[in-house]
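Throughout, read-outs are computed from the coordinates displayed, never taken from laboratory work. Note that the coordinates shown come from a computational prediction; the quantities given were computed from them, not determined experimentally. Heads up, the Cβs are rebuilt from the backbone with ideal geometry, glycines too, and the neighbour counts pull from every protein chain shown.
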Amino acid sequence: MTSWSFFTEHREEILGATVEHMTLVVIAMVIAILIGVPLGMFIVQRPALRTIALGIASIFQTIPSLALFGFLIPIPFIGGIGKRTAIVALVLYALLPILRNTYVGLTGIDPAVLEAAEAMGMTRAQILFRVRFPLARAVILAGIRTATIITIGVATIAAAIGAGGLGTFIFRGVALVSDALILAGAIPAALLALLADFLLGLLERRLKVT
Amino acid sequence: MNTKTALSSKKNIAFREVSFHINDILKRLIVSGISLEIPEGETLVLLGRSGSGKTTLLKLINGMLLPREGEILVEGRSTRDWDLIRLRRGIGYVIQDAGLFPHFTVAENVALVPNLERWDAARTAARVQEMLQLVGLDPGEFAHRRPRELSGGQRQRVGVARALAADPPILLMDEPFGALDPVTRAELQREFSALARRLGKTIVFVTHDLREALLLASRIVLLETGRIVASAPPQEFLRLHHPEVRAFTSSLNLTPGASA
């Protein structure tokens with residue numbers, strides 16, 4: 001059986017798994033953004049917290065993804081088998097690029113601009129929301145873009161703990177030594193990553209202020 | 001004391017035995033024993049070499065820095081007692097790189113303080129027009145441009161317009177023309193000199209360029225390693241015999257035509 005005929009015959013299953021995969025990614029990304037961006041804004045003024053927050057986020061990034069899923073299973077409330085655990089792991093992975101880029105974007109602003117803002121009598125909050133944040137948007141979005149691509153890839157492994165998605169085909173394919181099955185998971189995942197990269201890249205260029 | 005400050009001009013600035021130092025790994029800026037009265041309407045030029053403490057004095061006036069010892073009175077009130085946001089909105093500030101907001105148009109940059117002060121839109125728009133004309137920029141041509149679409153000289157003009165927009169009684173300027181090419185610099189110096197005379201604001205202007213100081217100042221205060229070593233109106237200043245004054249005047253003689 002060729003890969004192509006396998007694809008056409010299992011079109012609906014592949015589509016369903018793709019939707020499931022995207023759902024995992026979108027939920028995880030929304031949560032990671034809701035945590036990462038405000039946290040990044042918060043640590044700009046607090047050097048002690050900054051080291052801790054970036055350090056912890058870096059540690060999660062260094063744990064092999066399969067191991068991270070495994071570690072989470074026995075943890076009460078967030079653990080167990082299924083989507084919830086997978087989303088927690090994906091959030092932890094996505095956090096570092098978002099947090100780091102938010103921080104870097106907010107702090108990498110022309111000092112003359114910040115000096116002028118302060119000297120003209122802007123409050124700290126006004127400087128954050130009207131100056132730092134608009135100027136950091138493109139850098140923050142670059143972090144979100146990186147995180148999205150990582151998450152689409154890592155989410156294939158979520159199938160190992162029963163979260164579904166395109167990884168289901170890959171794991172089954174490995175077990176059955178079937179290239180067609182592996183490709184049925186890998187190709188849509190790769191296309192999703194490319195598509196996300198392209199669309200977020202477009203948005204990033206639009207937000208860039210030079 | 002209180003009655004005295006209340007009776008003195010509302011707009012003046014006074015340094016009383018001010019010292020400031022910061023110690024960090026990179027630099028050590030110190031000013032010490034500074035006493036200085038800046039009456040209303042004066043254009044005071046703080047002259048000195050790099051690191052002599054000029055910028056520090058400027059930032060002490062608008063509370064970007066607070067003194068370790070002594071006090072700075074603005075309109076008779078110590079900068080320690082001012083609401084610093086209020087204080088700064090009443091003090092225009094122009095710096096070398098202009099520090100325009102790159103995500104704002106020229107008009108939005110100029111409207112910054114009026115918007116922070118919640119002026120109504122019509123009044124702000126009229127004021128922006130007026131300010132752009134004041135600094136020699138045609139509002140129709142420049143109002144909707146972004147800072148990156150301007151030359152260095154135009155950016156500084158916008159910087160001056162932004163600083164003046166809310167009509168602050170005091171204007172602080174930190175080497176505003178320092179990064180410009182000599183021709184543009186001379187042009188802006190001339191225009192600003194005329195503008196300063198017309199506006200009658202209290203201006204504190206930092207420079208290391210004696211030529212600029214002579215052109216703009218009603219009084220020149222010379223700083224050397226954080227201390228005031230001379231204070232005189234321009235013509236008198238040239239006749240002083242302090243070694244640091246001589247160092248500046250001789251640099252003027254040695255390089256006729258140059259100004260930096």
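For segment A:1-87, the Kirkwood estimate of the hydrodynamic radius, built from every pair of different alpha carbons, is 16.0 Å.
Across segment B:113-260 the C-alpha pair distances fall into 5 Å bins from zero in the proportions 2, 8, 17, 19, 18, 13, 9, 7, 5, 2, 0 percent.
Using a 10 angstrom cutoff on alpha carbons, build the Gaussian network for chain A and name the most mobile of A:19, A:154, A:88. Maximum fluctuation in the GNM of chain A, among the listed residues, is at A:19.
Altogether, the Stokes-Einstein calculation at 20 °C and 1.002 mPa s, with the Kirkwood radius of chain A over Cα pairs as Rh, returns a diffusion coefficient of 115 µm²/s.
Assuming a ≥ b ≥ c are the square roots of the Cα gyration tensor eigenvalues, decide whether chain B counts as rounded (a/c under 1.5), prolate (otherwise, with a/b larger than b/c) or oblate.
Details: a/c = 1.75, a/b = 1.22, b/c = 1.43.
It comes out oblate by the Cα gyration axes.
Roughly what angle does helix A:47-62 make with the longest principal axis of chain A, taking Cα atoms, 0 to 90 degrees, to the nearest 10? Helix A:47-62 sits roughly 10 degrees off the main axis of chain A. Membrane-span-like helices in chain B (whole DSSP H runs, Cα extent of at least 15 Å along the helix axis, mean Kyte-Doolittle hydropathy of at least 0.0): B:121-134, B:243-254.
Net charge within 15 Å of residue A:23 by Cβ-Cβ distance, Lys/Arg positive one each and Asp/Glu negative one each, not counting residue A:23 itself? Spell out each step's value before the answer.
Details: positive: A:83, A:84; negative: A:20.
Result for the neighbourhood of residue A:23: +1.
Can you tell me which of B:111-120, B:153-162, B:70-79 comes out highest on packing, and rank the rest after it, using the mean Cβ neighbours within 10 Å?
On the way: B:111-120: 17.3, B:153-162: 24.5, B:70-79: 19.0.
Peptide ranking by packing, descending: B:153-162, B:70-79, B:111-120.
Counting Cβ atoms of other protein chains within 10 Å of each residue's Cβ and taking the mean over peptide B:95-105 gives 6. Descending by average beta-carbon neighbour count within 10 Å, the peptides A:168-176, B:172-180 line up as B:172-180, A:168-176, the highest first.
Find, to one decimal place in angstroms, the Kirkwood hydrodynamic radius of the protein assembly as shown, where the mean of 1/r is taken over every pair of different Cα atoms and then inverted.
For the protein assembly as shown, the Kirkwood estimate is 26.2 Å.
Annotation: amide H-H contacts under 5 Å for residue B:70 (H modelled 1.01 Å from N, sequence separation of 5 or more, or interchain): B:19.
Under the simplified labelling scheme, the residue B:84-residue B:194 pair shows an inter-label distance of 3.9 nm, with each label point 7 Å from Cα along Cα→Cβ.
Taking only Cα atoms, what is the 0 to 90° angle, nearest 10, from helix A:167-176's long axis to the longest principal axis of chain A? On a 0 to 90 degree scale, this one is about 40. The simple spin-label model puts a point 7 Å past each Cα toward its Cβ; for residue A:112 and residue A:13 those points are separated by 6.3 nm. The mean of 1/r over all distinct Cα pairs in segment A:111-197, once inverted, gives the Kirkwood hydrodynamic radius of 15.9 Å.
Let me know the mean shielding of B:145-155 by other chains, meaning the per-residue number of their Cβ atoms within 10 Å of its Cβ. Please report the intermediate quantities before stating the final value.
Details: counts 0, 2, 3, 2, 0, 0, 0, 0, 0, 0, 0.
The per-residue average across the peptide is 1.
Each part reduced to its alpha carbon centroid, segment A:1-28 and segment B:160-180 end up 62 Å apart.
Listed values for segment A:129-146 are Karplus-derived 3J(HN,Hα) couplings in whole Hz (6.51 cos²θ - 1.76 cosθ + 1.60, θ = phi - 60°), namely 7, 9, 10, 4, 5, x, 6, 9, 3, 5, 5, 4, 5, 4, x, 5, 5, 4, and x replaces Gly and Pro. Residues within the reach of a label modelled at residue A:209 (point 7 angstrom out along Cα to beta-carbon, backbone nitrogen below 16 Å), restricted to segment B:98-136, are B:98-113, B:115-116. The calculated FRET efficiency for the pair residue B:246 and residue A:59, based on their C-beta separation and a Förster distance of 51 Å, comes to about 0.25. The simple Förster model, with R0 at 41 Å and r as the Cβ-Cβ distance, assigns residue A:30 and residue B:117 a FRET efficiency of 0.60. Each principal axis of the Cα cloud of segment B:135-209 was evaluated for its coordinate range; sorted largest first, these ranges are 30, 29, 18 Å. Under a Gaussian network description of chain B, with springs only between Cα atoms under 10 Å, the residue in B:230, B:213, B:247 that fluctuates furthest is B:247. Inter-label distance, residue B:40 to residue A:175: 8.7 nm, where each label sits 7 Å from its Cα along the C-beta direction.
Rg/Rh for segment A:18-140 stands at 1.08; both radii use Cα atoms, and Rh follows the Kirkwood definition.
Shape of segment B:55-150 from its Cα gyration tensor (a ≥ b ≥ c, root eigenvalues): rounded if a/c is under 1.5, otherwise prolate when a/b > b/c, or oblate? Walk me through the numbers before you get to the answer.
Details: a/c = 2.88, a/b = 1.95, b/c = 1.48.
Taking the square roots of the gyration eigenvalues as a ≥ b ≥ c, segment B:55-150 is prolate.
When DSSP beta bridges are restricted to pairs lying wholly in the protein assembly as shown, around 50% turn out antiparallel. Angle, helix A:11-43 long axis vs. longest principal axis of chain A, Cα atoms, 0 to 90°, nearest 10? The angle comes out near 20 degrees.
Peptide A:121-127 has a mean shielding of 4, counted as Cβ atoms of other protein chains within 10 Å of each residue's Cβ. Given a 10 angstrom Cα cut-off, can you work out which residue in A:123, A:151, A:85 is the most mobile in a GNM of chain A? Comparing A:123, A:151, A:85 in a Gaussian network model of chain A, the most mobile one is A:123.
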